[in-house]
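Nothing in this text is a laboratory measurement; each read-out follows from the coordinates by a stated rule. Since we're looking at a predicted model, the values are computed, not measured. Please note: Cβ atoms are built from the backbone with ideal geometry, for glycine as well, and neighbour counts cover all protein chains shown.
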Ligand code: CP
Ligand code: NVA
């Protein structure tokens, strides 16, 4: 059964979904995944069109959303910001109004999170954040789904984030109150997550009554006893000019086999990809028995199909 939605909803960050909705999405994603494996056709979005605006490059997000729409019987339009008027300075609000007249949903990958918020505010159709400088909700929902698929609930489990306090770290911070995990983040000095995001997450944790966030400068402390170890690139899209400085600042933060040994024996390793082998993670860990990165990448397709049904049906 598809999840029926009566009014416009958006997915800009994990704040837009309740714990209950997340589990319903996962249940639907699992069903959709089984259907694909059995080559069963599920055309719940027949005749629907998704616009996909990209202001940054993408492999996984672009392909999984496009394939997802196709598999659901709909259509996806790839809109590079360089080739639409948005890239020549047309207002986001004007673009949102125009696109709303043609499309059933919009996915946007951009720089400032404000752009995603403006798009959502001015569009009469659902807007999905396909990554902003602040958040990457579709990826973290997929990471949680992947963990649950392999190991069950994250409630009470220790999740170690080792690396930059970036958009992925922020989305994991927002996920804590939704899944009740104990998140330990090890970020070098000067690369901590945004305190406003942590403050918001602490309020959500107090309301929800479960989960915790710990900040440390010691990656070993974060990895110790972890059930899930996660990292991401040290230089996110748009930060290329800082690469050399970042390489120096993140010394000692590489997830290698010695780091994984500090975690639980059955701990999993995740990375949203693209990875820089030998920088934030060694090839030994990426290709090792604890790594679930390929399933994690595949699951973007299944989780996003559930999100698309939820928002666009
Ligand atoms: N993980 C992720 O969003 O990958 P892309 O940048 O390739 O879309
Ligand atoms: N933090 C990375 C994630 C890429 C999927 C970036 O923003 O470039």
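Here are some notes:
- Burial order of peptide ranges 25-33, 189-197 (average beta-carbon count within 10 Å, highest first): 25-33, 189-197
- R0 of 35 Å, Cβ-Cβ distance residue 151-residue 196: FRET efficiency to nearest 0.05: 0.65
- From least to most packed, judged by other beta carbons within 10 angstrom and beginning with the fewest, 313, 176 follow the order 313, 176.
- Nearest-ten-degree value, helix 137-151 long axis tilted from longest Cα axis of the chain: 60 degrees
- Cα gyration tensor, the stretch 128-239 - rounded (a/c under 1.5), prolate or oblate: rounded
- Euclidean distance between Cα centres, the stretch 133-151 to the stretch 243-262, Å: 22 Å
- The Cα center of the stretch 4-59 and the Cα center of the stretch 157-177 differ in position by 22 Å.
- Taking every DSSP helix (H) stretch of at least 4 residues in the chain, weighting each as -39,500 (n - 2.57) and dividing the sum by the residue count yields a mean residue ellipticity at 222 nm of -13500 deg cm²/dmol.
- Taking only the Cα atoms of the stretch 1-147, the ratio Rg/Rh comes out at 0.95, with Rh defined as the Kirkwood radius.
- Cα gyration tensor shape for the stretch 182-246, rounded if a/c is under 1.5, else prolate or oblate: oblate
- Inter-probe distance in nm under a simple model that places probes 7 Å from Cα toward Cβ, at residue 39 and residue 59: 2.8 nm
- Residue among 206, 169, 76 with the largest mean-square fluctuation in a Gaussian network model of the chain, springs linking Cα atoms under 10 Å: 206
- For the chain, share of DSSP beta bridges that run antiparallel, in % to the nearest 5: 0 percent
- Once C-alpha pairs closer than 8 Å and six or more residues apart are averaged by separation and normalised to the residue number of the stretch 140-189, the relative contact order reads 44 percent.
- By the count of neighbouring beta-carbon atoms within 10 Å, fewest first, 95, 100 end up ordered 100, 95.
- If you run the Gaussian network model on the chain, springs between alpha carbon atoms under 10 Å, then out of 20, 227, 104 the most flexible one is 20.
- Relative contact order of the chain, pairs being alpha-carbon contacts under 8 Å that are 6 or more residues apart, as %: 20 percent
- Computed log10 I(q)/I(0) for the chain at 0.09, 0.15 Å⁻¹: -0.43, -1.23, from the Debye equation with unit scatterers placed on every C-alpha and solvent omitted.
- Cα gyration tensor category, rounded, prolate or oblate, for the stretch 178-313 with a/c compared to 1.5: rounded
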